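Below is one structure; the comments refer to it alone.
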Amino acid sequence: MIRTPLRPLARILDARQKGENPDAIERENKRIRHEQMRDQSRLRAEGRLLVLGVFFFCAFAVIGARMGLLATTDPVEPRAHAPGAVISASRADIVDRNGNILATNFETHALYAQPRNMVDPEAAAEKLVAVFPDLKKERLIKDFTGKRKFLWIKKKISPEQMQAVHEIGDPGLLFAPRDMRLYPNGTMAAHVLGGASYGKEGVHAAEVIGVAGAEKYFDDYLRDPANGNKPLQLSLDLTVQAAAERVLYGGMKLMNAKGATSVLMDVKTGEVISVVSLPTFDPNNRPRPLTEGDASDTPLFNRSVQGVYELGSTFKIFAAVQAIDLGLVNARTVIDTKGPFKVGGFKIGEFRGKNYGPLSVSDIIVKSSNRGTGRMALQIGAKRQQAFLKSLGFFEATPFEIVEASGGKPLLPKRWTDLSTVTISYGHGLSSSPMHLAAGYAAIANGGFQVKPTLMKQTGPQLGPRVMSARAAADGRRMLRKVVSEGTASFGEVPGYFVGGKTGTADKPKRRGGYYKDKVIATFASMFPAHDPKYVLIVTLDEPVETSGDKPRRTAGWTAVPVAAEMIRRIAPLLGLRPAVEPDKEPVVTLISSN
Amino acid sequence: MTEMVYGAVPVVRGGEPILPKWWRTVDRWAMSCVLMLFGVGLLLGLAASVPLAAKNGFEPFHYVQRQAFFGGLAIVAMMLTSMMSPVLVRRLAVLGFLAAFVALALLPFFGTDFGKGAVRWYSLGFASIQPSEFLKPGFMVVAAWMMAASMEINGPPGRTWSFALCIAIVLMLAMQPDFGQACLVLFGWGVIYFVAGAPMVLLVGMAGLVIIAGTVAYAHSEHFARRIDGFLSVEVDPTTQLGYATNAIREGGLFGVGVGEGQVKWSLPDAHTDFIIAVAAEEYGLVLVLCIIALYTVVVVRSLLRLVRERDPFIRLAGTGLACMFGVQAMINMGVAVRLLPAKGMTLPFVSYGGSSVIASGIAVGMLLAFTRSRPQGQLSDILGRNRAR
């Protein structure tokens, strides 16, 4: 037990001595102390109570003032969200190299319902079905009368439809502003642009996100508000693109091909001026991707970058220029192309079993001799061939700035044998996209420098490292010109534009190995004007067949070349190239017998 | 000498009669303010409860009649309570507190949630009772009693006890969950502790701790940051209750859109309780809102000022707790409507609709009036006592 001290001790002891009861003194003392404590705490409490009073007064005054402020401002219809939940709907336009709009935004509305605010759900459902015949009345009534508090009815509606819904007049039917991605040129450059759809959706805005093509590749850039909606400028030329698409479409139909693609590239900058893949689609209304079957069957398939094909004889020029570059041959060196020519147990044959005999390198290209290029390739050797093709970009997917490009990885032989070296020299055994081929030809066309295909408008030449000597490139160009002027691509002649190029007809590989006899990929890889090329044009037709003659003809010379020639005829003036006046040919001397 | 005969001098028996004494000593200003608040509540109920009645299929003024009935009961309870002596109030309040405490503890077993997700009510068929409404004023009295007892020499450790009790109640409320009431209880205890002489160091330390915790939470919790940002942002999402309320206040302007012309009551589910001030602002304008605010201010500030003169620690503390709780509840309700405070459901005492709430408020204010009645404070003996102490 704690002993409580006796206080005040002196008086208590005194009282005890006098025989009085000390309790009274103690009680008295306790009372006094208690009074003191009370006074003390009361003084303190006084101050704190005043503080509390002032606090409440101020708090109520602030609330009153705030009420007054609110009440005296005009009611506005508030729009913005709380920060953190903002949906950024801005998306920059995409324009071509001349500033023509390829993709832009269009204000539209989405329709949604708040069934709790509906006056007459059933009548509203009935009238909605009258406006949108694709909606189901029963389903709407179920949604409107059920537990749902919110539902989207239509993602995009036209102004007329919006007016019609307004006229229904139900307060539970509401509109959400939307930015719609619009491609005013319809199917034009569809594969490059790709398409866009909605990401996060709110009642005040919705995110527009790219789903394919450049829209997806540049999605972050296009959506970044920091760019201030500065349009994204592409290297495409809308006019040229339109002409190319038209010609290619006509050519595809005329040649009964199931697909076609063309790539037009500036040889010094790598800018792709036009790129077409047919069949095409409308990015405003992008079809659904296939879930089964061959990917190349859907119009979404971009043949120019995703379609990796064995491009056939168009590859021969690479063997020729490399051999010249290495000093193994020159354009006039004669090589025996007589058969039989066996590599790794396989006989190398010529087109239709021909036998050309000794040919100069130039003639090997002009006549497109497999054995001739094969022999050159063997001289070059697998190592150097690989290094050369790699420097031209044939080992990697193209850096072309659309998302699909990364999917176009070339197919290389697993083991690079001598046989591979020979077959690849004439374009079999290595599959690459037309875009790859364009980059490879551009290197020959620009005097021997590597270029990378790009979708961005460039301000000057973008020449990469040198991959062959200028002399080899010049020889290559002369040979290509000869292919057109006197070889397999004679239909490619366009007066005034000195087209040079190489045909390639490759049998299509079967899925389970082997090759189809009657299905080919016909390619014409060209450059113009051949003496100082500005542009490279690749035209590839998928399964073409030309039936004007007795027998169906499938070779590129009969199919791809005329299409490419027509295309050059149409687009060269658009590109600002003037037709050069060819030197007059020698007058034809007619020998007249004098006797 | 004859005058000194037994019975010749009137014996003073228990002082003057109860009613005149009550009328003389009670804080008539505060009481009339409370009565006016109740009147305003009925007036607003005429506007705000009509949609609820329409929704539940009653005649338009069904809830006004109910409110008038319960309000009448509440006023009778208030008057009766305010006539009691502080000691009697204390005894009854402690008993009431015990009952409410048990009721609160038994809620999880016998309570209903009325489909609102939180078990807070006992359903009595014709009406429902929310024990926490009655617990609050009771707890204020009990806490004040304990604190006052701890000020006695050799008194019990009342601070610790009351704090433990407070935490227990807060936990029970938080489990319902009813964070609003929990905060109120905590706040009430804090105010009593403050007036009872909480050390300054502790107060400053607590304030610092809250600021630091808030900063840390803001920096590290995205959810918390978003709540605060949303609260601080100038614009408000118009589809939330807050957005409707703000717009209603703006629509009302100075003199309101007119009796019965308001629209906000139709869109706000809580127009008759948590957002009744928005209804008032829309239909009667800033004028009525300022009147309401002034009435609450008068009740709270007058009570606090009268308590300044109070000598008895128990009466002082209990009165402070009750007055502050009454004031804070009104403050939070209106502060939320004008977006000075983050959203929190809290009724406006006497004005909001609610049967058990209005009776509990009546009892609470009755206790407050009983504590703030003017009584001899021994001014003269104070001076004498101090002199003697020196």
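The values are calculated or read from the model by the stated rules, or taken from the named source; none is laboratory data. Fair warning: this is a prediction, and the values are worked out from it, not measured in the lab. Virtual Cβ from ideal backbone geometry, glycine too; neighbours counted across all protein chains shown.
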Would you tally the residues in region B:185-202 being in contact with a helix residue (DSSP H, G or I) (Cβ under 6 Å, 6 or more places away or on another chain) and surrounded by fewer than 10 Cβ atoms within 10 Å (Cβ to Cβ)? 0
Filtering region A:207-228 down to residues that are among the aliphatic types (A, V, I, L, M) and surrounded by fewer than 22 Cβ atoms within 10 Å (Cβ to Cβ), which residue is nearest to B:T240 (Cα to Cα)? A:I209
A:A59 vs. criteria loosely packed, with under 15 Cβ neighbours inside 10 Å and either more than 7 Å from chain B (Cβ to nearest Cβ) or modelled with pLDDT of 90 or more (or both): no
Under the condition of being closer than 12 Å to B:F371 by Cα and among the hydroxyl-bearing types (S, T, Y), which residue from region B:297-321 is farthest from the other protein chains (Cβ to nearest Cβ)? B:S303
Hits in region B:246-268 - residues which are more than 10 Å from chain A (Cβ to nearest Cβ) and without any contact (Cβ under 8 Å) to a residue 40 or more places away in the chain: B:V257, B:G258, B:E261, B:Q263, B:V264, B:L268
Verdict on B:S361 being away from chain A (no Cβ under 14 Å), surrounded by fewer than 22 Cβ atoms within 10 Å (Cβ to Cβ), in a helix (DSSP H, G or I) and polar (S, T, N, Q): no
Would you check if there is a residue in region B:46-56 being surrounded by fewer than 20 Cβ atoms within 10 Å (Cβ to Cβ) and under 21 Å from B:V287 (Cβ atoms)? yes
Can you find a residue that is part of a loop (DSSP other than H, G, I, E, B) and more than 10 Å from chain A (Cβ to nearest Cβ) anywhere in region B:323-342? yes
Could you list, in sequence order, all residues of region A:505-532 that are in contact (Cβ under 8 Å) with a residue 12 or more places away in the chain and touching a Phe, Trp or Tyr at 6+ places or on another chain (Cβ under 7 Å)? A:A506, A:D507, A:K508, A:P509, A:I521, A:A525, A:M527, A:F528, A:P529, A:A530, A:H531
(1) more than 25 Å from A:G372 (Cα to Cα); (2) of a type outside the set (K, R); (3) touching a residue at least 40 places away in the same chain (Cβ under 8 Å); (4) in a helix (DSSP H, G or I) all hold for A:L437 apart from (1)
Please give the number of the condition A:Q233 fails out of (1) crowded, with 24+ Cβ neighbours inside 10 Å; (2) in a strand (DSSP E or B). (1)
Restricting to region B:151-165, count the residues that are in a helix (DSSP H, G or I) and either away from chain A (no Cβ under 11 Å) or aromatic (F, W, Y) (or both). 8
Would region A:493-504 turn up any residue that is of a type outside the set (G, A, S), farther than 17 Å from A:E566 by Cβ and modelled with pLDDT of 90 or more? yes
Considering only helices (runs of 4 or more DSSP H) wholly within region A:119-206, the ones with at least 2 residues that are free of Cβ contacts under 8 Å to residues at least 60 places away in the same chain and over 30 Å from A:V305 (Cα atoms) are A:121-131, A:137-145, A:159-168
I'd like to verify a number: residues in region A:22-32 that are surrounded by 13 or more Cβ atoms within 10 Å (Cβ to Cβ) and either more than 7 Å from chain B (Cβ to nearest Cβ) or modelled with pLDDT under 85 (or both), how many? 5
Whichever residue in region A:178-187 is within 23 Å of A:T261 (Cα to Cα) and in contact with a strand residue (DSSP E or B) (Cβ under 8 Å, 6 or more places away or on another chain) and, among such residues, is surrounded by the most Cβ atoms within 10 Å (Cβ to Cβ): A:Y183
Out of (1) crowded, with 24+ Cβ neighbours inside 10 Å; (2) not in a loop (DSSP other than H, G, I, E, B), the odd one out for B:L348 is which? (2)
Scan region A:236-258 residue by residue and report those that are under 16 Å from A:P562 (Cβ atoms) and among the hydroxyl-bearing types (S, T, Y). A:Y249
Out of all the residues in region A:270-286, is one or more more than 16 Å from the chain's Cα centre (by Cα), buried (at least 17 other Cβ atoms within 10 Å of the Cβ) and touching a residue at least 60 places away in the same chain (Cβ under 8 Å)? yes
Restricting attention to region B:308-322, which residues are assigned to a helix (DSSP H, G or I) and either out of contact with any helix residue (DSSP H, G or I) (no Cβ under 6 Å at 6 or more places or on another chain) or surrounded by fewer than 24 Cβ atoms within 10 Å (Cβ to Cβ) (or both)? B:V308, B:F314, B:I315
Exactly one of these conditions fails for B:V76: (1) of a type in the set (A, V, I, L, M); (2) more than 13 Å from B:A364 (Cα to Cα); (3) at pLDDT 90 or above. Give me its number. (2)
Which of the residues belonging to region A:321-362 are farther than 19 Å from A:A525 by Cβ and either of a type in the set (D, E, K, R) or part of a helix (DSSP H, G or I) (or both)? A:R332, A:D336, A:K338, A:K342, A:K347, A:E350, A:R352, A:G353, A:K354
